1. On the given criteria, is residue 328 surrounded by 14 or more Cβ atoms within 10 Å (Cβ to Cβ) and assigned by TED's automatic domain parsing to the domain that holds residue 208?
2. Six or more apart or on different chains, Cβ atoms under 6 Å: show the pairs whose first residue is in region 310-338 and more than 15 Å from residue 113 (Cβ to Cβ) and whose second is surrounded by fewer than 19 Cβ atoms within 10 Å (Cβ to Cβ) and modelled with pLDDT of 95 or more.
3. Exactly one of these conditions fails for residue 286: (1) at pLDDT 95 or above; (2) more than 29 Å from residue 405 (Cβ to Cβ). Give me its number.
4. Taking region 241-267, which residues are crowded, with 21+ Cβ neighbours inside 10 Å and in a helix (DSSP H, G or I)?
5. Could you say which residue among 297, 335 is surrounded by fewer than 21 Cβ atoms within 10 Å (Cβ to Cβ) and at negative phi?
6. Any idea how many residues of region 85-106 are farther than 17 Å from residue 389 by Cα and either without any contact (Cβ under 8 Å) to a residue 40 or more places away in the chain or outside the structural domain of residue 324 (by TED's automatic domain parsing) (or both)?
7. So if I check each of 394, 352, which one is in contact (Cβ under 8 Å) with a residue 12 or more places away in the chain, part of a helix (DSSP H, G or I) and within 21 Å of residue 210 (Cα to Cα)?
8. What number goes with the only condition from (1) over 30 Å from residue 318 (Cα atoms); (2) modelled with pLDDT under 95 that residue 100 does not pass?
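The values are calculated or read from the model by the stated rules, or taken from the named source; none is laboratory data. Bear in mind that the values here come from a model prediction, so they are computed numbers and not experimental data. We place every Cβ from the backbone using ideal geometry, glycine too, and count neighbours over all the protein chains shown.
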């Protein structure tokens, strides 16, 4: 009798265990942050990720997707690095820009090429090429794009109108840019001091990009600072700066509407164009955007920054994580939410063009519709610069050297040759 009762108990326990095993819910964790990756205000927090999770869980009722709430963007790289070092990183996580190469090098994020290769539902052509390229390394895809932000030229329409100057055309050149800057740079109030300027924050890197130049080879083992494209770009910025007679234009002067041109990312354009930011930031000036001016060796192209999503190489739920990644990067509803809840641009072309056809705007009082079709065309020709582990250090070296060239402490051509030699030695150390 006792043995029979024991057997029944064991059978009941085994049955309960079997039922629990059969009905166990899979847990996936996402690494994300509060705030904006683009350095602009964002009150929506996790809205886009929340929408993706809601849709994904509806399609996968046995899966729970969670994340740690409240990690600020500025704290996120350190938080994620600690998680990876401890082996407790999320199954899928947003990848900080400058950490992408390091995580790929150390094997923290999974090479996705085998997944994309056998997944017929993965539509690579639907992405903007530069955004997708951002997550590629040595020809292999390691991360999917989530949202992006091309750089464009902000134009002070009010200032130009006051000077009798029309908006630049989309195919404008460095010469057009220089001529307008020369015309508008002046002493308006007659006190002998310049108080209206052509440009603020247009730098040599933007000039090199639109002059057909690159700073590094694909492997980032050699630099091209001594190339004609780079020298022309630096020289052009020197000519623009010379118009200002040694005055360093400040952000305050730009915000007061005293500057004709200012490069902005799409995220900044979105944030500061509509009411009430337009009034607060730009003292009543009306601004619009155009492509960057083309150099003699280049085109009207823009660099683009992209927020990436990577899969942990240690996740045990590869298939489900891949489906979640596609949900975030490819789903039209989730990508469409970026226009409503974030400041970046969706990485899916059709999502942007659909919004363009609907004359999409921000919906707040005083807001204007945005020419997303024109911005989509900018993205079709945008470029993704090579990324590598020491990029920030190298760009700082270059910036310091070029500031010395601006100040006359280094001759232009010799200074760039010396810089190239120093950078190459650093990269090949």
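1. Answer is no for this residue.
2. 321/315
3. Result: residue 286 passes all but (1).
4. Residues satisfying the conditions are 254, 266, 267.
5. Result of the check over 297, 335: 297.
6. Count: 3.
7. 394
8. The number of the failed condition is (1).
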